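Some notes on the structure that comes next.
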Amino acid sequence: MRKLIWIVLFWCAALHAEQAKPVYIGLDAEFGYKGSTSAEAIERGILIAIEEINQAGGVLNGRPLALLKRANHSVPARSVANIEELAANPDIAAVFCGRFSPTVLDSLVTIHQARIPMLDPWAAADGIIDNGYKPNYVFRLSLRDNWAMQKMIPHAGVKHAHSIGLLLLNTSWGRGNLKAAEAYVQQHPDYRIVATHWYNWSDESLLEKYLALYQAGAQAVVFVGNPGDAIKLLQAEASVPLSQRLPIVSHWGVTGGDFAATAGRLLRDVDFSVVQTYSFIGKQDPAALRVLAAAKRLFGVADARHLEAPVGVAHAYDLTHILAKAINLAGVLDRVKIRSALEQIKDYAGLIKTYRHPFSADRHDALSPEDVFIAKYAVDGSIEPDGGAIKRPMEHRR
């Protein structure tokens, strides 16, 4: 009898220990990349959601969620090594990626060989999801490049600019945006691309490329790049006469760093817009207020206007909750089953919106073109929705 009691006690202790053992979420992102705030924003969104999930009982009948993060410094080879390391840990349910599409694109083989779900809260390259793998282990709650162009190019039209100059970062991300822009203008003959110029991270100035776009007849510049690149573009435009300053419509890579603080007064001297998918500014719904309160309590964020890289926080928050639901639906820490469960989640009332069916077998993008809008930088450096076109003197248009 005593032996039986010890066996029961041992079994109960082992069961309790297993239930208390964390289920981990991996994060491979650009921590350590100079001037970047995107990885930290994604981390914050995950941690806020984890706190809520754990307070509600965790996953798999009481196991807490926890985060394991790795820095890739935006280097694809380092990202691959990080994912290999994270995938080797059997207690990791899925891995989040960061902002830079090239690191994710180079990791696709590793992700699918390891059969570990990759959750994308930022990187926008179309090929991340349209990767040809079946089953597809990558799920995105973020922007797509072709959706970005569907907002950026017509926003130039609002500014009476139908002759577009493209200024693109010379990476797979830039090349994907060229395809998206060309596809858009092919379907919308009111617009035309008059010139495309490429630049590299090592370029010290973008003035020559900017002037080339102007001389080609561009009425607006559609820009794809990151904060440091955008600073060079603003410096180039600020150095030319007012009559040669074109509206700039930017992809959202600029919002993942200290762009506004570095740009300073340069932003007041140009017409600069940026594509976004969510803003906490002005939101009074319970989810937004709850997330902002947690950001203030956990990270010292004063208010919505001081929340850096807000889309990273919002996307990662919703994506973490969806992952937790998938883990519980799978019923076991099995990545193959979790991947399948992600396609079956329904009716999640999230921060950004209510997701009736965020993912399905043939759709691994949780957002849609309707979730995309144009924003601008306010004087205080915050990113706020653009309520209308910024009017420029007629002599600035061509």
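Exactly one residue out of Val313, Val336 is surrounded by 20 or more Cβ atoms within 10 Å (Cβ to Cβ) and in contact (Cβ under 8 Å) with a residue 40 or more places away in the chain, and it is Val313.
Only a single item in (1) exposed (fewer than 13 other Cβ atoms within 10 Å of the Cβ); (2) of a type in the set (S, T, N, Q); (3) under 28 Å from Ile92 (Cβ atoms) is not met by Gln344, and it is number (1). Any residue at all in segment 55-65 that is surrounded by fewer than 21 Cβ atoms within 10 Å (Cβ to Cβ), touching a residue at least 60 places away in the same chain (Cβ under 8 Å), at positive phi and over 21 Å from the mean Cα position of the chain (by Cα)? Yes, that holds for at least one residue. Among the residues of segment 121-137, those that are farther than 18 Å from Ala88 by Cα, touching a helix residue (DSSP H, G or I) at 6+ places or on another chain (Cβ under 6 Å) and not small (Gly, Ala, Ser) comprise Pro121, Trp122, Asp126, Ile128, Asn131, Tyr133. So, in segment 178-207, exactly how many residues are touching a Leu at 6+ places or on another chain (Cβ under 6 Å) and among the polar types (S, T, N, Q)? So the count comes out to 1. Can you confirm whether segment 350-369 contains a residue that is of a type in the set (A, V, I, L, M) and in a helix (DSSP H, G or I)? No: segment 350-369 contains no residue that is of a type in the set (A, V, I, L, M) and in a helix (DSSP H, G or I).
Just one of the listed residues (Arg305, Arg356) is outside the structural domain of Ser382 (by TED's automatic domain parsing), in contact (Cβ under 8 Å) with a residue 40 or more places away in the chain, more than 25 Å from Gly26 (Cβ to Cβ) and of a type in the set (Lys, Arg), and it is Arg305.
You will find that of Gly174, Gly157, the residue that is farther than 24 Å from Gly35 by Cα and either over 13 Å from the mean Cα position of the chain (by Cα) or buried (at least 24 other Cβ atoms within 10 Å of the Cβ) (or both) is Gly157 and no other.
The values are calculated or read from the model by the stated rules, or taken from the named source; none is laboratory data. None of the values given here were measured: they were computed from a predicted structure. Cβ atoms come from the backbone with ideal geometry, glycine included; neighbour counts cover every protein chain shown.
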